[in-house]
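Asker: Structure below; questions to follow.
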Amino acid sequence: MRIDYKISDKFDFKIFIPATLLVVIGLAAVYSATLNNPAAVNNFEKQLLATAVAYVVFFIAYSVPTNTFKLISIPAYLLSLLFLVVVLVIGRKISGAKSWLAFGPFGFQPSEFAKIGTILLLANFLSRLNNNIDSFKDILLALAIGFIPIGLILLEPDMGTSFIFISLILVILFWKGISLLGLFVVLSPGLVAISSLFGSVPFIVSLLIVLVALFFFKKDLFFSGSVFAINLAAGFFTDNLYNALSPHQQARIKSFIDPMSDPLGTGYNSIQAMVAVGSGGIFGKGYLQGNQTQLQYIPEQWTDFIYCAIGEEFGFIGAILVISLFLIIFLRLLNLASTTKDEFLSLVVIGILGVYFTHFLINVGMVIGILPIIGVPLSFVSYGGSSMVSNMFMLGIVMNIFRTRKNYA
Amino acid sequence: MSAVDFASVNRKSILYGIIILVFAIFTIRLFQMQVLNHEMYDEKSAGNSIKPIEQIPLRGVFYDRNLNVLVDNIPAYTLRITPAYYDTSLNKVLDKVLGVNPGFVQSILKRNQIYSKYIPIRVRRGIDFSIVSWLEENSEFLPGVDYIVEMQRGYPYGVMGSHLFGYTKEISAQQLEKEKDYYKPGDYVGHNGIEKQYEKDLRGEKGFHYVLVDSRRREIGRYKDGEKDKESIKGKDLVLSIDGDVQKVAEEEMRGKKGAVVAIEPSTGEILALVSSPEYDLNQFSYITSKDFLEELYSDPDKPLFNRATMSLKPPGSTYKILAAIAALDMGVITPSTTIYCGGGFTFGRFFKCHGSHGAVNVVHAIEKSCNTFFYQLIYKIGLDKWKEYAMKFGFNQKTGIDIGEEAAGFIPDEAYYKKLYGENWPRSIMASLGIGQGEVSVTPLQLAKYVALIANDGKSFRPHIVKGYLDNKTGNIVPYEFEKINLNIKKEVFDIVKEGMFLVVQGAGTATHLRNPDYHISGKTGTAQNPHGKDHALFIGFAPSEKPTIAVVVVVENVGFGGTHAAPIAKKMMDAYLLKDKLKNKKTTEVQPVIAGAQIED
């Protein structure tokens, strides 16, 4: 064993530095976005504190023995479920969703930590299977691990976080090597469900497509019938689910179809966000000089719409810098996932990549007006203690895996 | 379809592809928004946060010729409703509090439905302070209801001037459509009289204060510390030719009567007073005019909204004899010494009677005595078309072009008219009546005022007008408006002769000797317009002082009888107010002017 190893061999600066730069840019943007808002006057200090805590958590996660993650996967998952149930009972309602657990002056969002528990258990479960998850039972079990927290989160209701879970489940299953049929079985109910939101004609068309696909997979009648029944049920279930959604969420779905239909209502945020980013120009209006940001055109901009502040005040240069930093992290994680020999750890890395990437995709996509307004924060950048701590926790996990990557043959 | 290996190279490539694709799409989109379409977003962003707040300028005030304030601006409370935040179940409560008919608030809201529901609607102006305090106390239960302090018109000199001043009113949808560059819904515009005619001078120029607003449109400060603000420019303060005291006397004298009074300065054409009676209360228009009040005005049989001074058409009666005299003298068909014998009437086809037997009268005495016989015959010497030509010279049969809008042209017949009516052999006997101002002659009081002004000033004057100019607030000087000059090109001697007759009407043995007074001489002519529907209309035209006239007056009182009795005393009081202004003010007494003699019967 060599003692004088290079530090970069144990500590992946190519992930850590971009992430830390994002944290710094995020703090600057949160400061700017909250500067003139009396309701958010302490938010910058709170975020600074949360960031400090998050780095401590990061170093703990980085330092522990790597097999810890496998060991804690079941308790972490069960604890996540417990908190998700508790938050439904005694949680505090913040902007329409019961997602917040308060402990005196501190509080956290269980759904942020449930991501970690779910990734760990799902990776653990799948890594035990022998390169084959085509058995219907295995798929159902894997889906159950993923969908129990989703069900609880939808009850809060927090649609954005549910999307993150769906995405991480799909990415992990995909990485594990699920067959096209398996992917079809997992994906089709979701697609049918979304089609049914647009009316009965798209719903029927999507069902027809499912029928045609089932014909090509040439499975037995029982299997095909079950899958079709699940799809049919998903469509009807979505209709009920839609009706069960809170009015503001229904309005958000509607306004995605046509954001200009109600420019002062639900389409408002989308329009103002685009105006903020677009008016930033190439070099931006200058730090603390963005009128959209400083005049609070977008409610609670420091959370889900923080990217507007960056786009407005730092312009195209700043906006590209931020997405480039994310790009470096994503490619680095993908590389780590594919070079890690241990299947469990590889699946964990890919699950974390899925979480980061989906946050990035939905958040930036909605700010620049190519995706509907779905409230998810931008990892490392947005205001929010729980999100910051959980993101740095996950960063600690992947850096830990990088640290010990050579221990597995 | 077999399972694929864990973490296959293929699947890595797919994920790699997705990541790069999303990055590429975001980059292109950001480039499109921030580089290509930057200007569009920038414009929106600027419009978003900088809100122009309209600064409504003070409307110009009206001074009279002696710079007494006749119309000014006084602060008043206006109740407003912003429909976006308002709960219509409050309609009934507000109706009750405002003391208006049930359904009033609802009807106002309905009328304004076409505009954005975020624009506050003025529901009622000039609300009582008690209502304001009620609003304050209950503001939390009254979403979308507020009040503002606005300027409304006040009339401090005690002059009504309803047909003169006109009123301001919320702009109509039609006018808004035409002039949307300047006006916004809810703006007040002049609707009548001077307020309408001089709207562009009076309104001034709106200013804008630029303020920064947040996303809820709350103001959070001045934009660039007001550097870009444009202050409103106050409307021009108009100086009217009206004499407040004369106007006031005329209004008082006409109260309870129907008719019109016009006083004019002969040398300038400046209107000193203009009254149409009955009047209406302009203060009522300072509020959001209730439908009831308007309906009341419209349905009143005395037609208070009708401007009798410029619109009512009547035969001028004997006051028109002067015109024939001038025409005949100017044409040379008679000389001052030409006499016509009056034996109590004149026969032309039928008998036209005079109100006495005046014997052989010349033109001066014919005017003095208002001898019909003389003028029956005179018009035949002049000829109908020549007679009309002179009428046209004095401005009859056409609008005077006075600066308060609505006006009637009147009618003077000519040969072509009768030929058309009766054919080539039209009965020439019709002309006799025309000679004494009866029959198919119709004139407005304003036309008569112009006519008497021209007589008093020997055929030279200016187009009748009410606004002299505006007051330059910096220099304190009056900047005059230009009005067209009139010169009839009739010899002064002609006017001297008819004026001698008019002098004798009062100072001699004429029909208005009761106007004689020790302070100054009055010249005039009484008249009575035949009214087929009831009692005759009384007329008087006159000017004073006779030697160098500074005021000419026309008085028309409807359905009362003889001009000398009912119209002439009003003219006298107005002349007193104008000519004896200082004397009356110093004395501060209201001496009763003794009536020296009763009016003589004429016609």
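Asker: Direction-averaged shadow area of the convex hull around the Cα atoms of region B:298-414, nm²?
Answerer: Seen from a random direction, the Cα hull of region B:298-414 projects 9.4 nm² on average.
Asker: Now for a separate question. Grab the alpha carbons of region B:75-212, take their convex hull, and tell me the volume per residue in Å³.
Answerer: Taking only Cα atoms, region B:75-212 has a hull volume of 153 Å³ per residue.
Asker: Enumerate the calculated ³J(HN,Hα) couplings along region A:381-395 in order (Karplus 6.51 cos²θ - 1.76 cosθ + 1.60, θ = phi - 60°), each rounded to whole Hz, writing x wherever the residue is Gly or Pro.
Answerer: Working through the residues one at a time gives 9, 5, 5, x, x, 4, 5, 4, 5, 5, 5, 6, 4, 5, 5 Hz.
Asker: Which listed residue (B:P278, B:G186, A:S382) has the Cα farthest towards the positive end of the charge dipole for the protein assembly as shown, taking +1 on Lys and Arg C-beta and -1 on Asp and Glu C-beta about the Cα centre?
Answerer: Going by the Cα projections, it comes out as A:S382.
Asker: Hey, another quick one. What is the magnitude of the charge dipole of the protein assembly as shown about its Cα centre, with +1 placed on the Cβ of each Lys and Arg, -1 on the Cβ of each Asp and Glu, and no other charges, expressed in debye to the nearest 20?
Answerer: My answer is approximately 1500 debye.
Asker: Identify, among A:L334, A:F344, A:G117, the residue whose Cα sits farthest towards the positive end of the charge dipole of the protein assembly as shown, taking +1 on the Cβ of Lys and Arg and -1 on the Cβ of Asp and Glu, with the dipole about the Cα centre.
Answerer: A:F344
Asker: Rounded to whole Å and ordered largest first, report the semi-axes of the equivalent ellipsoid of region A:1-95 derived from its Cα gyration tensor (root of 5λ).
Answerer: Values for region A:1-95, descending: 32, 26, 9 Å.
Asker: Residue-wise, which Karplus ³J(HN,Hα) couplings in Hz belong to region B:269-275, taking 6.51 cos²θ - 1.76 cosθ + 1.60, θ = phi - 60°, and x for glycine or proline?
Answerer: Residue by residue, region B:269-275 yields x, 6, 6, 8, 7, 8, 10 Hz.
Asker: May I pose another question? If the viscosity is 0.692 mPa s and the temperature 37 °C, what translational diffusion coefficient in µm²/s does Stokes-Einstein give for chain A when Rh comes from Kirkwood over Cα pairs?
Answerer: 147
Asker: Using alpha carbon coordinates only, what is the Rg to Rh ratio of region B:305-370, with Rh defined as the Kirkwood radius?
Answerer: Here the Rg-to-Rh quotient is 1.09.
Asker: Where in region A:74-92 does the amide nitrogen come within less than 16 Å of the point 7 Å from the Cα of A:A102, taken along Cα to Cβ?
Answerer: Correct set: A:87-92.
Asker: Considering region A:274-409, what Rg and Dmax in Å follow from its alpha-carbon atoms?
Answerer: 16.9, 57
Asker: Taking R0 as 45 Å, what FRET efficiency do you get between B:F293 and B:D225 from their Cβ-Cβ distance, rounded to the nearest 0.05?
Answerer: Between B:F293 and B:D225 the formula returns 0.45.
Asker: Along each of its three principal axes, how wide is the spread of alpha-carbon positions in region B:136-275, in whole angstrom units, largest first?
Answerer: Its Cα atoms span 62, 39, 29 Å along the three principal axes.
Asker: Right, something else. Longest exposed-loop-site-free stretch of chain A, with trypsin sites (Lys or Arg not before Pro), DSSP loop and at most 13 other Cβ within 10 Å?
Answerer: Free of exposed loop sites, the longest segment is A:7-217.
Asker: Also: Bin all alpha-carbon pair distances of region B:232-272 at 5 Å intervals from 0 and give each bin's fraction as a whole percent.
Answerer: Result, from short to long distances: 5, 19, 22, 18, 14, 10, 6, 4, 1 percent.
Asker: Return the Rg/Rh ratio of region B:259-364 with Cα-based radii and a Kirkwood Rh.
Answerer: That ratio equals 1.20.
Asker: Quick one, can you get me the convex hull of the C-alpha atoms of region A:57-185 expressed as volume per residue in Å³?
Answerer: 118
Asker: Applying the Karplus parametrisation 6.51 cos²θ - 1.76 cosθ + 1.60 with θ = phi - 60° to the phi angles of region A:137-142, what ³J(HN,Hα) value in whole Hz is obtained for each residue in order, glycine and proline being reported as x?
Answerer: Values, residue by residue: 4, 5, 4, 4, 5, 4 Hz.
Asker: Give me the tail of P(r) for region A:145-223 as a percent: Cα-Cα pairs with distance above 15 Å.
Answerer: 65
Asker: Work out the P(r) tail for region B:25-104: percent of alpha carbon pairs separated by more than 21 Å, whole number.
Answerer: Pairs farther apart than 21 Å: 68 percent.
Asker: Taking the Cα centre of chain A as origin and charging only Cβ (+1 Lys, Arg; -1 Asp, Glu), how large is the dipole, in debye to the nearest 20?
Answerer: Dipole magnitude for chain A comes out near 900 debye.
Asker: Given N residues in region B:130-181, what is Rg(Cα) / (2.2 N^0.38 Å)?
Answerer: Relative to the 2.2 N^0.38 Å estimate, region B:130-181 comes out at 1.74.
Asker: Once you have the alpha carbon radius of gyration of chain B, what is it after dividing by 2.2 N^0.38 Å, with N set to its residue count?
Answerer: It is 1.36.
Asker: Computed from the mean reciprocal separation of all distinct C-alpha pairs, what Kirkwood hydrodynamic radius does region A:303-350 have, in Å?
Answerer: Roughly 12.4 Å, rounded to one decimal.
Asker: Which value results when the Cα radius of gyration for the protein assembly as shown is divided by 2.2 N^0.38 Å?
Answerer: In units of the 2.2 N^0.38 Å rule of thumb, it is 1.53.
Asker: For region B:340-401, would you read off the P(r) tail past 14 Å as a percentage of all alpha carbon pairs?
Answerer: Summing the P(r) tail past 14 Å for region B:340-401 gives 60 percent.
Asker: log₁₀ I(q)/I(0) of region B:61-156 at q = 0.18, 0.22 Å⁻¹, via Debye over equal Cα point scatterers, no solvent, to two decimals?
Answerer: Values, matching the q order: -0.82, -1.10.
Asker: With the dipole of the protein assembly as shown worked out from charges on the C-beta (+1 for Lys and Arg, -1 for Asp and Glu) around the Cα centre, which of B:N66, A:L152, B:G144 lies farthest toward the positive end?
Answerer: Of the listed residues, the answer is A:L152.
Asker: Shifting gears a bit: Over chain A, what is the mean sequence separation of C-alpha contacts under 8 Å (at least six apart), divided by residue count, expressed as relative contact order in percent?
Answerer: 27
Asker: Search the structure for amide H atoms under 5 Å from the amide H of B:F352, placed 1.01 Å from N in the peptide plane, and list their residues when 5 or more places away or on another chain.
Answerer: B:F346, B:T347
Asker: Short version: what are the Cα gyration tensor semi-axes of region B:423-532, square root of 5 times each eigenvalue, largest first, in whole Å?
Answerer: Square roots of five times the eigenvalues give 33, 23, 15 Å.
Asker: Treating the beta-carbon of each Lys and Arg as +1 and of each Asp and Glu as -1, no other charges, what is the dipole magnitude of chain B about its Cα centre, to the nearest 20 debye?
Answerer: The calculated dipole for chain B is roughly 560 debye.
No value in this document is a laboratory result; all are computed from the given coordinates. Values in this document were obtained by computation on a predicted structure and should not be read as measured data. As a convention, Cβ positions derive from the backbone with ideal geometry for all residues, glycine included, and neighbour counts pool all protein chains shown.
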